[in-house]
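Colleague: Just dropping this structure here.
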Amino acid sequence: MDLSTARAIVTGGASGLGAATAHHFRERGAQVTVMDLDAAGAQTAERIGAHFAATDVTDEASVTAAVTLAVERMGGIDVCVSCAGIATGERTVGKDGPHRLDSFRRTIDINLIGSFNVLRLAAAEMAKNDRAQNGVIVNTASVAAFEGQVGQVAYAASKAAIAGMTLPIARDLARSGIRCCAIAPGTFGTPMLRGLPQEVQDALAAEVTFPRRLGEPEEFARLVAFIVESDYLNGETIRLDGALRMR
């Protein structure tokens, strides 16, 4: 698929990996609709020359309205990138008792169900394109899907499910000419991590095999673009982590 003529939606596009992806796509000539909850998404969209659709990925009506708006503005959808997500730090049983069920449920609801909610509606629009290559879906997993650390049970479960559904989705959508992949990032220099004390950032970077640093959001964006443009790449979850294996 030619990224320069693609019509893309990017969830979680206000900052971090989503904003980097939306920006990179615009630089390559793609039309982009940034989908996020608040005004920060609108500001990002305005800065890069993209469209904006206020979106709660967990709400069916909200995503339906956002997808409809994206189709009206761009004429269709070719690429769906899901970067919206949260991280929960809580042990199965901690000093205050068992893991709160509501926080576990919210993590699954946003990271997993939210991603599926968006991609299923986007795929329905992609199927209308009537080409040999009708669309590409790229979801965001995490290395925590494979090596979840202490306190990451909710986050790891949500990201493992993202990885687990990648191949079945690719198989489901093959007859519609739609590919599906996922990226499993390691530790990236998103605004959340860059806001941590420098010694914490240095400790995280020291865990990476090579190069011994945090990943840059732009590197994630370039991998998304590579997936979009590589027609034979399908059904894969690709680690982007500098050979990090979390302890």
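The values are calculated or read from the model by the stated rules, or taken from the named source; none is laboratory data. On a predicted model such as this, the values are computed, not experimentally measured, just so you know. Here Cβ is always computed from backbone atoms with ideal geometry, including for glycine, and neighbour counts include all displayed protein chains.
Colleague: Please give the number of the condition Ser103 fails out of (1) assigned to a helix (DSSP H, G or I); (2) more than 15 Å from Val153 (Cα to Cα).
Modeller: (2)
Colleague: Turning to a different aspect of this structure: Looking only at the stretch 35-55, count how many residues are among the acidic types (Asp, Glu) and surrounded by fewer than 18 Cβ atoms within 10 Å (Cβ to Cβ).
Modeller: 2
Colleague: Further, regarding this structure: So, of the residues in the stretch 69-99 that are among the β-branched types (Val, Ile, Thr) and within 23 Å of Gln133 (Cβ to Cβ), which turns out to be surrounded by the most Cβ atoms within 10 Å (Cβ to Cβ)?
Modeller: Going residue by residue through the stretch 69-99, those that are among the β-branched types (Val, Ile, Thr) are 71, 77, 79, 81, 86, 88, 92-93.
Remaining after also requiring within 23 Å of Gln133 (Cβ to Cβ): 71, 77, 79, 81.
On the way: Val71: 17, Ile77: 25, Val79: 26, Val81: 33.
Once the filter is applied, the top-ranked residue is Val81.
Colleague: Picking from Arg105, Arg73, Arg120, which residue would you name as being of a type in the set (D, E, K, R), more than 20 Å from Asp36 (Cβ to Cβ) and at pLDDT 95 or above?
Modeller: Criteria check complete, one pass: Arg105.
Colleague: Could I ask something else about it? With respect to Leu3, determine if the residue is among the hydrophobic types (A, V, I, L, M, F, W, C) and crowded, with 21+ Cβ neighbours inside 10 Å. Give the derivation first.
Modeller: Details: among the hydrophobic types (A, V, I, L, M, F, W, C): yes; crowded, with 21+ Cβ neighbours inside 10 Å: no.
Spelling it out, it is not the case that Leu3 is among the hydrophobic types (A, V, I, L, M, F, W, C) and crowded, with 21+ Cβ neighbours inside 10 Å.
Colleague: For residues that are under 24 Å from Ala20 (Cβ atoms) and either among the aromatic types (Phe, Trp, Tyr) or in a strand (DSSP E or B) (or both), scanning just the stretch 76-100, find the one that is farthest from the chain's Cα centre (by Cα).
Modeller: Within the stretch 76-100, the match that is farthest from the chain's Cα centre (by Cα) is Val79.
Colleague: Tell me, please, whether a residue that is among the β-branched types (Val, Ile, Thr), surrounded by 13 or more Cβ atoms within 10 Å (Cβ to Cβ) and closer than 22 Å to Ile108 by Cβ can be found in the stretch 163-170. Before you say what the answer is, go through the steps one by one.
Modeller: Filtering the stretch 163-170 for residues among the β-branched types (Val, Ile, Thr) gives 166, 169.
Narrowing further to those that are surrounded by 13 or more Cβ atoms within 10 Å (Cβ to Cβ): 166, 169.
Next, from what is left, pick out any that are closer than 22 Å to Ile108 by Cβ: 166, 169.
Within the stretch 163-170 (the criterion being among the β-branched types (Val, Ile, Thr), surrounded by 13 or more Cβ atoms within 10 Å (Cβ to Cβ) and closer than 22 Å to Ile108 by Cβ), the answer is yes, since at least one residue qualifies.
Colleague: Would you point out the residue of the stretch 194-237, among those that are surrounded by 17 or more Cβ atoms within 10 Å (Cβ to Cβ) and β-branched (Val, Ile, Thr), that is farthest from the chain's Cα centre (by Cα)?
Modeller: Here the residue is Val208.
Colleague: Another one. In contact with an Asp or Glu (Cβ under 9 Å, 6 or more places away or on another chain), surrounded by fewer than 16 Cβ atoms within 10 Å (Cβ to Cβ) and either among the β-branched types (Val, Ile, Thr) or within 27 Å of Thr166 (Cα to Cα) (or both): is that true of Ser62 in this structure? Talk me through it step by step, then tell me what you get.
Modeller: Details: in contact with an Asp or Glu (Cβ under 9 Å, 6 or more places away or on another chain): yes; surrounded by fewer than 16 Cβ atoms within 10 Å (Cβ to Cβ): no; either among the β-branched types (Val, Ile, Thr) or within 27 Å of Thr166 (Cα to Cα) (or both): yes.
Spelling it out, it is not the case that Ser62 is in contact with an Asp or Glu (Cβ under 9 Å, 6 or more places away or on another chain), surrounded by fewer than 16 Cβ atoms within 10 Å (Cβ to Cβ) and either among the β-branched types (Val, Ile, Thr) or within 27 Å of Thr166 (Cα to Cα) (or both).
Colleague: If you don't mind, another one. List pairs: first residue in the stretch 93-116 and of a type in the set (Phe, Trp, Tyr), second residue in a loop (DSSP other than H, G, I, E, B) anywhere in the structure, Cβ distance under 8 angstrom, at least six positions apart or on different chains.
Modeller: As it stands, the answer is Phe104/Thr88, since those pairs meet every condition given.
Colleague: I need the helices (runs of 4 or more DSSP H) fully contained in the stretch 131-247, keeping only those with at least 2 residues that are at pLDDT below 95 and either farther than 24 Å from Leu119 by Cβ or of a type in the set (Gly, Ala, Ser) (or both). Please lay out each step first, then the result.
Modeller: Details: elements: 144-147, 153-173, 191-194, 198-206, 217-229.
Output list reads 144-147, 191-194, 198-206.
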